[in-house]
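Asks: Dumping the structure here so I can ask a few things about it.
Please treat every number below as a calculation from the coordinates, not as lab data. All of these numbers come straight from a predicted model, not from anything done at the bench. Virtual Cβ from ideal backbone geometry, glycine too; neighbours counted across all protein chains shown.
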Amino acid sequence: MPASRRRSGRGIRWWRRKWRSGARAIGGTGAPVDGPVFDDAFRAQLLELFKWRRDVRRFRPDPVPADLLTGLFEVAGLAPSVGLSEAWRWVTVDNPARRAAVRASFEACNAEALAAQAADCADSYARLKLAGLDEAPCHFAVFAEPHPRQGHGLGRATMPETTAYSAVMAVHTVWLAVRAAGLGLGWVSILDPAAVAAALDVPSDWVFIGYFCLGYPQADSDHPELERLGWEHRRPFGSTLIRR
Ligand SMILES: Cc1cc2nc3c(=O)[nH]c(=O)nc-3n(C[C@H](O)[C@H](O)[C@H](O)COP(=O)(O)O)c2cc1C
C-alpha cells in the first residue's frame, strides 16, 4: 500500500476508534468518574507528538474526509476557555472566490513584509514558503467572539483579551490532534485581519486569530522548517526561564 494510503487510513481509523465511536459525546457525560492513568508509555508517546507537531506549508492533494475535519474541531472544543466561554469560532472556507481574496491579502502582506526586511535577510525571506494556500485541501479561519454571553463574563473583566487567548488554546489543541491523526496544519498570519473578515463575511466585532491550511503533509520532520532553512533556531530551554 502506498505511504499516502497508509497515512490517511491510519489517521481516520485512529480518529474513529479514539474519538468518534461509542455513545458518549466527546467530553463525557459530566458525571464524576475515576480518570485514566497516564503511564510512562503514554508520556513517551505524548512527547513524540509534541516533538513531531509541525507548522506545515507543503501538502499532498489528498482530500480530508469531512467527518474527520469536524471531529478535529470537536476535539479542539476540549480546550480550556475563560469562564468556559468557548469563545472560538471556526470558519471553514471552501468557496473559491473567498479563498482567492484571502490569498490576495497574503500576497500583498507578504510583499510588504519582504520589503521591510533588512538587506541581509531579504534574500532568505524571499526563499521561505510561508503558506500552503494553493495546495492545502482544507482552509479554515479562527476568530474569537469578544463578548460571548457564554461564561457570563467570568475571568475577562480585567483582561478582555482572554477570549482571544481561549481561541488560541483551541488552535493549539487542534494542531496536536491534527498531527495525531496523521495530518498537518499551517498557521497563516501574514494577512490583513480586516480583509479576511470581509472575505469571510463574519460579524465585524469578531477578533481574527489566524487562517489555517490543513491536509496531509508531504513529509514529516521533528524540526521546524524555519530551523531547517536556517532562518531561526530554538534556544536552550534555560534562556526562557526567569526566576524571581
Ligand atoms: C501565532 C502564529 C503565527 C504564525 N504565522 C505563520 C505564518 O504566517 N506563516 C508561516 O509560515 N508560519 C507561521 N507560523 C508558524 C511558525 O513559523 C512555526 O510555528 C515556528 O517556526 C515553529 O515551527 P513548528 O511549528 O514547526 O514547530 C505561525 C505560528 C504561530 C504560533
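Asks: Rank-order 205-218, 46-59, 160-173 by packing density, defined as the average count of other C-beta atoms within 10 Å over each peptide's residues, highest first.
Replies: Result, highest mean Cβ count within 10 Å first: 205-218, 160-173, 46-59.
Asks: Now, a different point. Please compute the length gained on full extension between LYS51 and LEU226, using 0.36 nm multiplied by the number of residues separating them and subtracting their Cα-Cα distance.
Replies: Here the segment from LYS51 to LEU226 would lengthen by 61.5 nm.
Asks: With θ taken as phi - 60° and the coefficients 6.51, -1.76 and 1.60, list the Karplus ³J(HN,Hα) couplings across region 93-105 in order, rounded to whole Hz; mark glycine and proline as x.
Replies: 10, 10, 5, x, 5, 5, 4, 5, 5, 5, 4, 4, 5
Asks: Starting with the highest mean, order 192-200, 62-70 by the number of other Cβ atoms within 10 Å, averaged over the residues of each peptide.
Replies: Ranked by mean Cβ neighbours within 10 Å, highest first: 192-200, 62-70.
Asks: Determine the relative contact order of the chain: mean sequence separation of Cα pairs under 8 Å and six or more apart, normalised by residue count, in whole percent.
Replies: Reported as a whole number, the value is 32 percent.
Asks: In nm, to one decimal, how far is the ASP134 label point from the ARG43 one, both placed 7 Å along Cα→Cβ?
Replies: In this crude spin-label approximation the distance works out to 4.6 nm.
Asks: A follow-up question, please. Before rounding to the nearest 500, sum -39500 (n - 2.57) across all DSSP H runs of length at least 4 in the chain and divide by the residue total; then give [θ] at 222 nm in deg cm²/dmol. Intermediate values should be presented prior to the final figure.
Replies: On the way: 8 runs with 97 residues, N = 244.
Value at 222 nm, helices only: -12500 deg cm²/dmol.
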